[in-house]
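What follows is a short report on a single structure.
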Amino acid sequence: MRTKPPARTRPRPQQQQQQQQRWWVAVAPLVTLIAGGLLGAWIGAAFADPRTDTEKRIDAMEAAEVQRDAEQVVTLTDQARRIRDLLTPVLDGLHTAVPPKAAQPGEAPAQSKADGWKVVTRKAVSDFADPPSAGTAVNIARSSLAAGARQLDLAVDTYAAAVKAPEAERPALLALAGRQRDTAIATWSVGATQLDQLNVDTGHGHQHVFLPSQPGQGAMTADGEQEGK
């Protein structure tokens, strides 16, 4: 006689719930890991830098150049202001000796004045020697200021030549010294104007480092804006 197999007993609802809980406890960390990985990958793709390595290097170099030029604007402004103050007495003396647009010299040339002025202009020229590397805008400002200092140094040389020249040749040499001085002031004013704009662009406000000038000398002058604004 065949025996009937024992009937399968179905797990009670409470047992099923416990089994499901154990299964979820075992699987949940894996699900979390997978979901986190997918989310991280999506976020990484969404915020990834699209630039190539070459583009990143170029951008970094450009940012470094901008920072370098911003620092040089401050340094050059301090330098220009110091040299402006150094050259002002020379210009005052030349204005007296050779008045702008005057037909005749203002006073007889003197060797002592020429020697004293030469010391000053030579120092101004040397201060602009060996300039640091910079961007085009800064280079234009510095080069114009340096050229103005060299031109004024040349005007002093011409004045010194007038001191030693025969009396008949002095008026022409003094007039030439006056024109060279005017060119020096005009050339310097180009650099001062450029430097003023660079200061505004870099957040320092207007900075005026113009040499003293008079009408007819062809120089650009300060725009009238308040310093630092």
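Of note:
- Of everything in the stretch 170-229 that is under 12 Å from Thr77 (Cβ atoms) and among the acidic types (Asp, Glu), the residue that is most open to solvent (accessible area, probe 1.4 Å) is Glu227.
- Annotation note: Cβ proximity below 9 Å between a residue of the stretch 195-213 that is over 20 Å from Ala149 (Cβ atoms) and free of Cβ contacts under 8 Å to residues at least 24 places away in the same chain and a residue that is of a type in the set (Asp, Glu) and open to solvent by 50 Å² or more (accessible area, probe 1.4 Å) (sequence gap 6+ or interchain) occurs for Val200/Glu225; His206/Asp223; His206/Glu225; His206/Glu227.
- Scanning the stretch 68-125 for residues that are aliphatic (A, V, I, L, M) and over 17 Å from Asp153 (Cα atoms) yields Ala70, Val73, Val74, Leu76, Ala102, Ala103, Ala108.
- Within the stretch 151-163, tally of residues that are at pLDDT 95 or above and open to solvent by 10 Å² or more (accessible area, probe 1.4 Å): 7
- Just one of the listed residues (Gly135, Gly148) is open to solvent by less than 70 Å² (accessible area, probe 1.4 Å), in contact (Cβ under 8 Å) with a residue 60 or more places away in the chain, over 18 Å from Asp78 (Cβ atoms) and of a type outside the set (A, V, I, L, M, F, W, C), namely Gly135.
The values are calculated or read from the model by the stated rules, or taken from the named source; none is laboratory data. Note that the structure is a prediction, hence the values are computed from the model and not measured. Please note: Cβ atoms are built from the backbone with ideal geometry, for glycine as well, and neighbour counts cover all protein chains shown. In case anyone asks, the SASA skips ligands and DNA or RNA and just uses the protein heavy atoms, side chains included. Shrake-Rupley method; radii C 1.70, N 1.55, O 1.52, S 1.80 Å.
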